[in-house]
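Asker: Here's a structure for you.
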Amino acid sequence: MASSLPIGKKISILLSLLVCFIPLGFAVIEYHNGPLLKGQINLSVIWYGKIPPQQKYLFLIFIKSLEDNPKTIISFEPQVSKWWKQVESYQTLAKKESNSKDTPGIEVTVVNEVDDQNCSQGENLSKDSIPLLINKAAPNTVAVIFIAKEVGLEGSCLASGKCSMHGSLGKQVYIVVKDQTKDCPEKCGWPFFSSELKKKAEFIINPPNQDKGIDLAIMHAASALASTVTNPYGNGFYVGNAKEPMEIGRICNSVFGTGAFPGFTGKIHIDPRTAGGFNAHGLNNTKLLLPGLWNPQGSSCWTIM
């Protein structure tokens, strides 16, 4: 059994006052009447660079764990599928606002994998390299480019909170995620690394799978996937400038559990065997730390715990 993160008396007082830290204050995610991804979503994963087999395995397990399948046995709560249901809830919200007859429910499946360990576009990727990699994806899929730690990526360390990318080239939707432990640990590594802001009373925890690179990559990929589903073409759910939108994942990317505030994850579990912090159970006894999501019903960050 996992234990909850111990909280001191002073922190307990803060938790009663700070339910959720929201970077934009009282900003509210709005629907801009564009299409959302729905139904069956097929992924093409492009592994770029020398990515350890265990990292590939854990990423694929995360994707498989999104589905709430009665044939799948996950012994403990909360499950990754509970987190995904919050993403699916935006289908219902969009349906109400657009009078659409589409039914909610999203199934995500990896249908194609491309191994580019020899780095066909070089070991320092520019923004112009991304479309060339996206072309490797199978037709009618979402391209997911997973970049190894040793490979550089232009622009990936420019601003805190932009630790993954997603967008579209015409109808082709894509996600870019990277092992940021070498390039951006202070910008993209909290709560496993000290943050660039070095907040007072900042809580640093151990990664759930004892691999900061993959645990951070899954965390940021989860945020990007949620934002991709709800804002695939730039006219879905977001707040702020359409060119630099704050979406349902990014707006809550430092919130992991109830009572979170800057420098503190909020309520999470600690694995007594590894001392790793997590908030979700996946397939094959995996444990993951997933970011909070914007909850349009409560106008606040929602967390799985």
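The values are calculated or read from the model by the stated rules, or taken from the named source; none is laboratory data. Just so it is clear, the model here is predicted, and its values are computed rather than measured. Quick note on the areas: whole protein, heavy atoms, side chains included, nothing else; ligands and nucleic acids left out. Shrake-Rupley method; radii C 1.70, N 1.55, O 1.52, S 1.80 Å.
Asker: Return the inverse of the average 1/r over all pairs of distinct C-alpha atoms in segment 193-305, which is the Kirkwood hydrodynamic radius, in Å to one decimal.
Answerer: On the way: mean 1/r = 0.0673 Å⁻¹.
In segment 193-305 this quantity evaluates to 14.9 Å.
Asker: Right, here's the next one. As an exercise, find the ratio Rg/Rh for segment 128-176 from alpha-carbon atoms, using the Kirkwood inverse-distance average for Rh.
Answerer: Details: Rg = 11.3 Å, Rh = 11.7 Å.
Using Cα coordinates only, the ratio equals 0.97.
Asker: Could I ask something else about it? Ignoring ligands, DNA and RNA, how do 125, 169 rank by accessible area with a 1.4 Å probe, largest first? Kindly include the intermediate steps, with their values, before the conclusion.
Answerer: Values: 125 5, 169 85 Å².
Final ranking, largest accessible area leading: 169, 125.
Asker: Considering only protein heavy atoms, with the full assembly of protein chains and a 1.4 angstrom probe, order 187, 50, 198 by accessible area, largest first.
Answerer: Ranking 187, 50, 198 by accessible area, largest first, yields 50, 198, 187.
Asker: Residue 305 accessible area, nearest 10 Å², 1.4 Å probe?
Answerer: 30
Asker: What figure, in Å² to the nearest 10, do you get for the accessible area of residue 290 with a 1.4 Å probe and non-protein molecules left out?
Answerer: Looks like 0 Å² after rounding.
Asker: Starting from 0.36 nm per residue, how many nanometres of slack lie between residue 40 and residue 233 once their C-alpha separation is accounted for? It would help to have the intermediate numbers written out before the result.
Answerer: Numbers: separation 193, 0.36 × 193 = 69.48 nm, distance 1.73 nm.
Stretched out fully, the residue 40 to residue 233 stretch lengthens by 67.7 nm.
Asker: On to the next question. What figure in square angstrom, to the nearest 10, would you give for the accessible area of residue 154 with a 1.4 Å probe?
Answerer: Using a 1.4 Å probe on the heavy atoms, I get roughly 90 Å².
Asker: Taking 32 Å as the cut-off for C-alpha to C-alpha distance, list the pairs among 56/95; 64/187; 199/287; 149/199; 56/200 that go past it.
Answerer: Those over the limit are 56/95; 56/200.
Asker: For segment 175-235 and segment 283-305, write down the distance between their C-alpha centroids in whole Å.
Answerer: Measuring centre to centre over Cα atoms gives 14 Å.
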